[in-house]
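S.K.: Starting off with a structure, shown below.
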Amino acid sequence: MKSRTAWFRLSSLVLGFAFLYIPILSLVVYSFNKSKLVTVWGGFSTQGYGKLFENTQILDAAGLSLRIAAINATGATILGTFAGIALARFGQFRGRTLLSGMTTAPLVMPDVITGLSLLLMFVAMEQALGWPAGRGMTTITIAHITLTLSYVTVIVQSRLASMDIALEEAAMDLGARPVKVFLLVTLPIIAPALASGWLLAFTISLDDMVIASFVSGPGSSTLPMVIYSKVRLGVSPDINALATIMVGLVTVGVLLTGYLMFRRDRLRQRDRQLSESLG
């Protein structure tokens, strides 16, 4: 019975990983395809990468997406941190229910509804205030911050809820002011949550296409929008090359993060063993 259970778990694991990663591996392989037809192997070639770096449309869209994602992640992390602290530390206050509902609504709201509502808001603001003048990078960034600050708020609020508040109280008992307590005690403790929220906001912004398609204008097409417009006419080797580069960057980031976490755990175990031996 145990052998059957082990076989079932192993086969389920293999099938699951195969379902997830075989399409990605095939995409990487066909990025080196010499043939213009993606589904037909014509020999090994790197011409797809050469065409990619000559395609100014894709390069400009990638630069725009990276700038928007970086600004969005930073803004969403700042605003989400303030909202998470208010919800986790200030107890019951007037408007708490409204703040909680507004920060969590984008998590469950369909992207189509979010994009359409933001588009109508930007049009009304332009008619009433003259700003923003048209749709472009500014409107896309605001829309992405509206979407991603909810994720940062949830992450920070969860981290603060599990944090021992006695650490902050001890610092204040020793004479530290609230701002100093936040900078020297609270902020270092929740730093991993802030980093996670920043990376999640960056990834969501870089990947979004639905909301960006509503609030973008001429000359402000993001990378997902350009890729989608090209894929509709057929996948080309340069698109496979772009996807392969993105997969490679993500893989390097994951491996580097895993190595740093492993190294930190090793150092922590070594310090613990040293303290136990000295004690």
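Just so you know, all these numbers are worked out from the coordinates, no wet-lab data involved. None of these values were measured; they are calculated from a predicted model. Neighbour counts are summed over all protein chains in view; Cβ atoms, including those assigned to glycine, are modelled from backbone coordinates with ideal geometry.
S.K.: Ranked highest first by average number of other Cβ atoms within 10 Å, how do 43-50, 20-27 line up?
M.R.: Highest-to-lowest ranking by the protection proxy: 43-50, 20-27.
S.K.: Next up: Under a 10 Å cutoff between Cα atoms, tell me which one of Asp238, Asp111, Asp173 has the largest fluctuation in the Gaussian network model of the chain.
M.R.: Looking only at Asp238, Asp111, Asp173, the biggest GNM fluctuation is shown by Asp173.
S.K.: Pulled fully out, how much extra length does the chain show between Thr104 and Thr46, if you take 0.36 nm times their separation in residues and subtract their Cα-Cα distance?
M.R.: Answer, rounded to one decimal: 16.3 nm.
S.K.: Counting other beta carbons within 10 Å of each residue's own, what order do Ser31, Ser100, Ser275 fall into, fewest first?
M.R.: Taking fewest neighbouring Cβ atoms as first place, the list is Ser275, Ser100, Ser31.
S.K.: Now for a separate question. Evaluate the charge dipole of the chain about its Cα centre and quote only its size in Debye, nearest 20, assuming +1 on the Cβ of each Lys and Arg and -1 on the Cβ of each Asp and Glu.
M.R.: Using only the charged Cβ atoms, the result is roughly 660 debye.
S.K.: Further question on the same structure: How big is the gap, in Å, between the Cα center of the range 241-274 and the Cα center of the range 50-73?
M.R.: Answer, in whole Å: 26.
S.K.: So how many Lys-Lys pairs in the chain land under 21 Å Cα to Cα, not counting same-chain pairs under 8 apart?
M.R.: Value for the chain: 5.
S.K.: Which order do the peptides 75-86, 60-71 come out in when sorted by mean C-beta neighbours inside 10 angstrom, highest first?
M.R.: Packing proxy ranking, top to bottom: 75-86, 60-71.
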